[in-house]
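Scroll down for the structure; my scribbles are underneath it.
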Amino acid sequence: MDIITQGLLGSTAAQAGYSTKIGRKAAFYGFVIGLLPDFDILAGMFGPWASLKYHRGLTHSFVALTLLSIPTGMLCKRLARSDVEQKHWIGLAFLSMITHPIIDWFTAYGTSLWWPFNDRRYAIDALSIIDPVFSFPLLVATLAGLFAFSTPMRLKKLAIAALLICALYAGYGYHNSQSMVAMGIELFRAEGFEPIETRANPTFMNISVFRVVGCDAAGNIMATYLKTASKQPLTPIFLHKSDTDEFALKAMQHEHAKLFKWFAMGMLQVQSIVAPDGKHKVLLNDMRYGLMTAPDKPLFSAEVEFDLAGNVTGVTRRHARASASLNEEFKKTMAHVFSGEFQTIDADLGAK
């Protein structure tokens, strides 16, 4: 989830638990503490692969955050010069931090919730990483707490109500995602494609339009876009075959390729290409994400380069966002979200 919403969630959780004990300071310190797990973005200072490996890793672990909440609560009590019992500050720190990975878990990116017991990335594809509908109740509760618009007890009740609204919204997003998974499996099988795993990821700022992606036993990927209120796909159904030649196999032995496969959570297409100069390159496409303005293209990818002797010379991360118009993407997505006329395709377009 976006970092501002994480702060708002931390503030609201802190007020729900401790506004009657700590007062107005709960809103401020909850906001700041709610941001702390995302300090792992500093890993990007050590290169793009470090960022890929460590973001939503250790600092998003339930175990690590539970332990970290103790010194964090003690430090905040001192900074606030508070005479409130230390256990309440530790409790506030725990609530503000632990809600951070929980809401990240509701997105599609993947979060290492149970590090160090395993490095598996968990995601349930219920929310977009930016969703103003989800964030708004948290914003109201946070502003009310920061500016003390009411009594501590009323602020507590407002915070609890905001959390309940957000929980219901996230639950509805999960319901929609699972409905789109079921619809996607049916559509994919009609195309002669048998997925062993299917995911439906919400698109930008909504829980109505989803990118639905399936992977078969051979590593081939099928993808399309679906809307909860429509029985037909919003775009063609694209089949992305994965290559298994010697260059594809060699590429996947590189440590960065293995890391990218882990990051893609199984939704990886491997594409072997011969350049005009005779050199080979292998594209690793994370098919979980895409753009409605270019529905057949991945958003995240990596490129493994070879020399003429067939040796790997480097692996580079790629991001399609730089070549996309965010304004056009937003307009097209929202047109599907709000329009009653579904911009569907003819069934005979099929897979390609």
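Residues in the range 190-205 that are farther than 13 Å from Asp216 by Cα and either within 12 Å of the chain's Cα centre (by Cα) or in contact (Cβ under 8 Å) with a residue 60 or more places away in the chain (or both): Ala200, Asn201, Pro202, Thr203, Phe204, Met205.
Check whether at least one residue in the range 240-248 is under 27 Å from the mean Cα position of the chain (by Cα), assigned to a strand (DSSP E or B) and either closer than 27 Å to Ala190 by Cα or in the same structural domain as Ile124 (by TED's automatic domain parsing) (or both), and report yes or no. Yes, the range 240-248 has at least one match. Taken over the range 249-291, residues that are part of a strand (DSSP E or B), of a type in the set (A, V, I, L, M) and surrounded by fewer than 20 Cβ atoms within 10 Å (Cβ to Cβ) amount to 3.
Restricting to the range 130-145, name every residue that is over 15 Å from Leu168 (Cα atoms), crowded, with 16+ Cβ neighbours inside 10 Å and not polar (S, T, N, Q). Result: Leu139, Val140, Ala141, Ala144, Gly145.
Could you tell me whether any residue of the range 186-195 is crowded, with 17+ Cβ neighbours inside 10 Å and in a helix (DSSP H, G or I)? Scanning the range 186-195 turns up at least one residue that is crowded, with 17+ Cβ neighbours inside 10 Å and in a helix (DSSP H, G or I). Check off (1) basic (Lys, Arg); (2) touching a residue at least 40 places away in the same chain (Cβ under 8 Å); (3) part of a helix (DSSP H, G or I) for Arg56 and give me the number that stays unchecked. All conditions pass for Arg56, except number (3). Can you confirm whether the range 300-307 contains a residue that is closer than 21 Å to Ser128 by Cα and either in the same structural domain as Ala218 (by TED's automatic domain parsing) or part of a strand (DSSP E or B) (or both)? Scanning the range 300-307 turns up at least one residue that is closer than 21 Å to Ser128 by Cα and either in the same structural domain as Ala218 (by TED's automatic domain parsing) or part of a strand (DSSP E or B) (or both). Against the test of being closer than 22 Å to Phe263 by Cα and either in contact with a Phe, Trp or Tyr (Cβ under 9 Å, 6 or more places away or on another chain) or surrounded by fewer than 17 Cβ atoms within 10 Å (Cβ to Cβ) (or both), the options Tyr122, Tyr169 yield a single qualifying residue, Tyr122. Please verify whether the range 127-139 includes one or more residues that are in a strand (DSSP E or B), of a type in the set (D, E, K, R) and either modelled with pLDDT of 95 or more or assigned by TED's automatic domain parsing to the domain that holds Lys53 (or both). No: zero hits.
The values are calculated or read from the model by the stated rules, or taken from the named source; none is laboratory data. No experiment lies behind these values; they were computed from the predicted model shown. Neighbour counts are summed over all protein chains in view; Cβ atoms, including those assigned to glycine, are modelled from backbone coordinates with ideal geometry.
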